[in-house]
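Just so you know, all these numbers are worked out from the coordinates, no wet-lab data involved. Please read these numbers as outputs of a predicted model, since none were measured by experiment. Here the Cβ positions follow ideal geometry from the backbone for every residue, glycine too, while neighbour counts run over all protein chains shown.
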Amino acid sequence: MREPPLGPRAARADRAVRERPEAPCPLRTAFQRDRDRILHTKAFRRLKHKTQVFIAPEGDHYRTRLTHTLEVSAIARTVARALDLNEDLVEAVTMGHDLGHAPFGHAGEHALDDLLRDRHGRRFHHNLQSVRVVEVLERDGAGLNLTREVRDGIRNHTGPDLPATLEGQIVRLVDRIAYVNHDIEDALRAGILTPGDLPGPEIAVLGDTTSSRLTTLVQDIVRMSAEGEVIRQSDEVGEAFRALRRFMFDNVYLAAPASGESARARGVVQALFDHHLAHPGLLPAGGDPDPVTRVTDYVAGMTDRFALRAYREAFMPREAPL
């Protein structure tokens, strides 16, 4: 399959590397095949029932982890096309970047990380779990055999290291841009924020609507990243965006009512972990021989509603005649 015209800095699918060599597809590039493999996973389908920010919200219009993924994909592909980079690679990385997220969003992630660190000397990071999903857990333990470039982009979409490709760097930055802006919309819809609460200096730079902010941010990335080997923002726009992100942490992510629900969600995740570690017969057949890893994989893969149902079954009295 021939790739569309690409700029000299773009990653090339015909040079992509897999751990297990495969014959090329006559219709799709290697990165298109990776995207399709991710789309057909059970982990991807579960994203529709995993929290973005608001846990089990009332209403049909709040973002989930799946709609977040689709929004990141749309924005990141726009940036990649404008820079003559590889849209297919950007899309594949985006579709896989949150597959390893625990239930209840970052509250669930922090709950698992705290428990594993304090009791078992390990850590939990959703980007590394996403890599584990595609390398080990899907296809009944066989993994998806994705290209090295896609796995690198998934691994490094957050954390200390930059992705090796410019396409991966686009996803890393656009992931933050997408969630800050759509979480503002959801916070306004929920009544947690009003338009007047948003910080004036940052809004003056970025824009007073989601559309205007995204336009400013995307155009800034394209202008600043037209040359070189780093995807970047200008000083003015970058600082305004980082300040707006800090505002969201202080006033939405770590504030009431989200903080109260997060505490409850942490309790659910940690209780489920302990319960399944003590009762391994409740786990699906197969899986990692190490019990802690096996329970981590199982609990991290739960959707919000599955976790709540499992918690009720394990710890709540049943409504039935004695």
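Side notes on the structure shown:
- For segment 246-299, the C-alpha radius of gyration divided by 2.2 N^0.38 Å, with N the number of residues, is 1.56.
- Debye log10 I(q)/I(0) for segment 121-176, one point scatterer per Cα, at q = 0.21, 0.22 Å⁻¹: -0.78, -0.83
- Our summary of shape: the Cα atoms of segment 138-260 have principal axis extents of 49, 40, 24 Å, ordered from largest down, in whole angstrom.
- Rounded to two decimals, the Cα-based Rg/Rh of segment 176-322, with Kirkwood Rh, is 1.15.
- Within the chain, helix-based [θ] at 222 nm, where runs of 4 or more DSSP H residues each add -39,500 (n - 2.57), nearest 500: -17500 deg cm²/dmol
- Packing order of peptides 235-248, 82-95, highest average first: 82-95, 235-248 (average count of other Cβ atoms within 10 Å over each peptide's residues).
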